[in-house]
Amino acid sequence: MDDATASNIFEALRVIEQIDRQIESCREQLAALSPELADSERRVSELEARAQAALQRSETADGRRRKLERSAAAGRETLKRLQQRALEVQNLKQHTAVRAETDAARRNLEAAEDELLEAMQEVEEARGELAALQRRVEEERAADAELQARSGERRAELEEELLIHQDRRENRRMRLDPGAMRLYEAVRGGKTRQVLAALTPDGVCGHCYTFIPVQRQAEIRSQRRLHRCEGCGIILYPVE
Ligand SMILES: [Zn+2]
């Protein structure tokens, strides 16, 4: 590495580090879009399942109501027939028999009518629940569609932004000393995301505060060589 470019290398590495942060931010934002969409889809399908179950309940209740309506109608027919027969009785024995049958038929009809009322109420409740759920399904579907459209736009924006950053990075990389670039990539591949830190005027690493041997400090300050901190592995640059 020649002296004329040494200080430029720090500057170039700092620019690349900044671009890498932007690239990382774009990637994180892109990754965050998917769970949000998945959540929204899950909410829609859960509500759809609940609406489907409510429809089933409403249909079952309605089937019960129709059946009870038929029993009540049959009960009324029986009662009418018995009342007709009561007009035609010939003696007390027949009268008593018809009377007993009529009482039984009336009790049956009353029971059927009570059950019918209950069933009608059940139908009404089930339909109310179904209507409310259907409205919520519609709302959630609309919100989901809006989210899909918005996140589609955002995705396209972020992907474009990412391409621009990657392009800028490539331009910078091509103009940089390959040895410096390799060192940069090696540091970046490690556990820290930060690649560069200042060597403080006190002679410690600006990232982990490890003391840097005096000889190395001199080499860093003279900008003759790139040095990594022995504590954290970061590339140290001199501050004026
Ligand atoms: Zn350090």
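Summing -39500 (n - 2.57) over the DSSP H runs of n ≥ 4 in the chain and dividing by its residue number, what mean residue ellipticity at 222 nm do you reach, to the nearest 500 deg cm²/dmol? Write out the running numbers ahead of the final one.
Values: 4 runs with 188 residues, N = 240.
Calculated at 222 nm, the ellipticity per residue is -29000 deg cm²/dmol.
Each of Leu33, Leu236, Leu92 has some number of other Cβ atoms within 10 Å of its Cβ, and from fewest to most they run Leu92, Leu33, Leu236. If a spin label sat at a point 7 angstrom from the Cα of Asp114 along the line to its beta carbon, the backbone N atoms of segment 54-86 nearer than 18 Å would be those of 65, 68-69, 71-73, 75-76. Spacing of the modelled spin labels on Glu157 and Val15, each 7 Å from Cα toward Cβ, amounts to 2.7 nm. Within the listed set Ala61, Ala126, Ala111, the residue fluctuating most in the Gaussian network model of the chain (springs between alpha-carbon atoms under 10 angstrom) is Ala111.
With the highest mean first, a sort of the peptides 22-28, 12-18 on other beta-carbon atoms found within 10 angstrom per residue produces 12-18, 22-28. Remark: relative contact order (the chain) = 28 percent; criterion is Cα-Cα distance under 8 angstrom and separation of 6 or more residues. Under 19 Å from a point 7 Å along the Cα-to-Cβ line of Arg221: which residues of segment 181-200 have their amide N that close? Only 197-200 pass the distance filter.
For segment 178-240, what does the alpha-carbon gyration tensor say about shape, rounded, prolate or oblate, given a ≥ b ≥ c as the root eigenvalues, a/c under 1.5 as rounded, and a/b over b/c as prolate? Oblate is the answer for segment 178-240, as a/c is 1.5 or above yet b/c matches or exceeds a/b. Using C-alpha pairs under 8 Å with a sequence gap of at least 6, the mean separation divided by the residue count of segment 33-143 gives a relative contact order of 50 percent.
Values quoted throughout were computed directly from the atomic coordinates according to the rules given, and no laboratory measurement underlies them. Remember, it's a predicted structure, so these values are computed and weren't measured experimentally. Glycine also receives a Cβ, built like all others from the backbone with ideal geometry; neighbour counts cover every protein chain displayed.
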